[in-house]
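One structure is given below, encoded as structure tokens.
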Amino acid sequence: MDYKVLITTSGVGSRLGDLTKYTNKSLVRVGCKPALSYVIEAYPSDVELVITVGYYAEHVKEFVRLAYPDRKISFIDIDKYDGSGSSLGYSMLQAKDLLQMPFIYHACDTIVAEKISAPNENWSGGCRKENASMYASFDVMGEHIQEIKDKGAIKSDFMHIGLVGIFDYQNFWSKLEKAYRVNPADSTLNDCMAINAMIKEDSLIFKVREFDSWLDIGNVESLNQARQKVKNKITVLDKIDESIFIFNDFVIKFFADTKMTEQRVKRANILKGLVPEIEGSGNNFYRYKYAHGDLYSRVVNPLEFSNFLNWSKDNLWKIADEVSQDEFKQICYDFYGTKTLQRVDRFMKDNAIIDGPNIINGEAVPSFDELYKMIDFDLLTSSKQCQFHGDFILDNIIKTDNNYCLLDWRQNFGGLLKSGDIYYDLAKLNHNLTVNHDIVDKDLFIVNIKDSGVRCDILRKNSLVQCQQVLEKFVIDNGFDLRRVRLLTAIIWLNMSPLHHHPFNLFLFYFGKLNLWKAINEK
């Protein structure tokens, strides 16, 4: 049967809070992919899609063109997607001219696993769940829908899930237009009004299609429930201004900051052969080939780890003079010193913490201000320039059949694209052998604060402890300064503290303070 699918992504998605501050709700991640991917991939590749766009319209267009370049997809720009005159019904009507045939309406926050029937008759998707009052709902007689009720109905047979097959499309558009003319400012205008009119006024039959698997991602609570059911193959710490989406043969990265996207793509060319090949990019997204192999954090062991470090020395950390050495020294100072002051100040303000001395794990540690004055910045800023990764952690490395592939490279080092500091990569790796995603995800750390006394600790695999010993031997054997690596590792933890959730942010701050004090006093 020849039909089309209407997907509405034009709304603001305010019920998802900060998750839609920098992008469209259809691009919020569920498992490995954005919600929109589950909708698009629910239909055969030869079915034409019509997608309404409004809020962050270019994000939706850019993602879809990168992820589904071979699909026939039309976009409808919606002028009124928020405030007066905006409604689901209004957005649907803007797509009317492209939907002059039977079609399916599929809300972008509705995910189902069952096969979706073609609209060879009128039907509406429903799910039997308790507490239907938060959703539109309907009762059935036999398999025929009697009426779709507004939110708030105490008891109904099915919840209306935002998935509808429209066979009598001319009648649907006529009823929706009629309702719109009555009150164009009605923000509640939607598909249900037209369907109810079709049932009551023209005695048209709408059958129920039951979807037991239905997941709603329209609000924070239901999104979290969906994420519990649709697991990600890797551990991802949520950031509201960036995302990673993993497909079978490619990966798509999103950054709200367009400059980050631009610089990541440029650096991929600089690191060609060490990172995956870029297959396409736009203002906020880029796509690269999926790197097949094992995530290094899952398979690393002390015996093989020294091979990886030697591979990095030979292939990654090559001399790369981008600026004069004096300029590089200043860039290092701003990166390690100025940025740290700004980050710690932000952390203290966000958490209403007054700088002062602490007893951390039984050790007297001075205030951060005093610690900062003790840091030997001449030592920390004396590096020679070299090619760098910038976020050199085990979770950003794939162990391939032959070598390694590096992922999620940093966009710059203090503004530089080619030159960085090998000590920053070494310190990042050292940090990750102590603090990694799996540990954080499982809350395998403690931070207890009582008066000026702080206790903080973290669990580690024995293999990672041994790998850290291998790293320390590599540092010493290759003429690097181990104390310098430890100083930068502590600074990294302090810099991370305002960027993460509570109480992990507190752990990072106090753990960073303690280890900075230890590194300063190390002989």
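The values are calculated or read from the model by the stated rules, or taken from the named source; none is laboratory data. If you're wondering where the values come from, they're calculated on a predicted model, not measured in any experiment. Using ideal geometry, Cβ is built from the backbone for each residue, glycine included, and neighbour counts are taken over all protein chains shown. Just so you know, the surface numbers come from the protein's heavy atoms only, side chains and all, with ligands and any DNA or RNA stripped out. Shrake-Rupley method; radii C 1.70, N 1.55, O 1.52, S 1.80 Å.
Listed values, structure above:
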item	result
Every residue from the range 366-378 that is crowded, with 16+ Cβ neighbours inside 10 Å and among the charged types (D, E, K, R)	none
Test for residue 363: is it open to solvent by 20 Å² or more (accessible area, probe 1.4 Å) and more than 25 Å from residue 502 (Cβ to Cβ)	no
Odd one out for residue 308 among (1) touching a Leu at 6+ places or on another chain (Cβ under 8 Å); (2) open to solvent by less than 50 Å² (accessible area, probe 1.4 Å); (3) not charged (D, E, K, R)	(1)
Residue list for the range 98-115, restricted to those being among the hydrophobic types (A, V, I, L, M, F, W, C), under 28 Å from the mean Cα position of the chain (by Cα) and surrounded by 15 or more Cβ atoms within 10 Å (Cβ to Cβ)	107, 108, 111, 112
Complete set of residues in the range 1-56 that are touching a Phe, Trp or Tyr at 6+ places or on another chain (Cβ under 6 Å), part of a loop (DSSP other than H, G, I, E, B) and over 16 Å from residue 110 (Cα atoms)	3, 23, 54, 55
Residue check for residue 450: at pLDDT below 95, open to solvent by 70 Å² or more (accessible area, probe 1.4 Å) and within 30 Å of residue 233 (Cα to Cα)	no
Single match in 4, 25 (criterion: more than 25 Å from residue 227 (Cβ to Cβ), in contact (Cβ under 8 Å) with a residue 24 or more places away in the chain and not polar (S, T, N, Q))	4
Single residue of the range 453-498 satisfying the filter (modelled with pLDDT of 95 or more, of a type in the set (D, E, K, R) and surrounded by fewer than 19 Cβ atoms within 10 Å (Cβ to Cβ)) that is farthest from residue 340 (Cα to Cα)	477
Pair list, Cβ < 8 Å and 6+ apart or interchain, from the range 304-325 residues that are closer than 14 Å to residue 406 by Cα to residues that are of a type outside the set (Phe, Trp, Tyr) and in a helix (DSSP H, G or I)	309/470; 309/471; 312/425; 316/425; 317/422; 317/425
Some residue of the range 184-201 being surrounded by 14 or more Cβ atoms within 10 Å (Cβ to Cβ) and farther than 24 Å from residue 108 by Cβ	yes
Pairs, first more than 16 Å from residue 290 (Cβ to Cβ) and modelled with pLDDT under 95 in the range 235-262, second open to solvent by 50 Å² or more (accessible area, probe 1.4 Å) and acidic (Asp, Glu), C-beta under 6 Å, six or more apart	235/441; 240/18
Considering residues of the range 202-217 that are of a type in the set (Val, Ile, Thr) and under 15 Å from residue 139 (Cα atoms) only, the residue surrounded by the most Cβ atoms within 10 Å (Cβ to Cβ)	208
Number of positions in the range 264-305 that are polar (S, T, N, Q) and buried (at least 19 other Cβ atoms within 10 Å of the Cβ)	3
Pairs, first of a type in the set (Phe, Trp, Tyr) in the range 53-66, second part of a helix (DSSP H, G or I), C-beta under 8 Å, six or more apart	55/20; 55/25; 56/27; 63/27; 63/36
Any hit, the range 75-85, residues being touching an Asp or Glu at 6+ places or on another chain (Cβ under 8 Å) and either free of Cβ contacts under 8 Å to residues at least 40 places away in the same chain or not in a loop (DSSP other than H, G, I, E, B) (or both)	no
Residues that are among the β-branched types (Val, Ile, Thr) and loosely packed, with under 15 Cβ neighbours inside 10 Å, drawn from the range 166-183	182
Whichever residue in the range 158-200 is among the charged types (D, E, K, R) and without any contact (Cβ under 8 Å) to a residue 40 or more places away in the chain and, among such residues, is farthest from residue 215 (Cα to Cα)	181
Verdict on residue 81 being of a type in the set (Phe, Trp, Tyr) and closer than 22 Å to residue 181 by Cβ	yes
Hits in the range 314-352 (condition: β-branched (Val, Ile, Thr) and crowded, with 16+ Cβ neighbours inside 10 Å)	323, 331, 340, 344
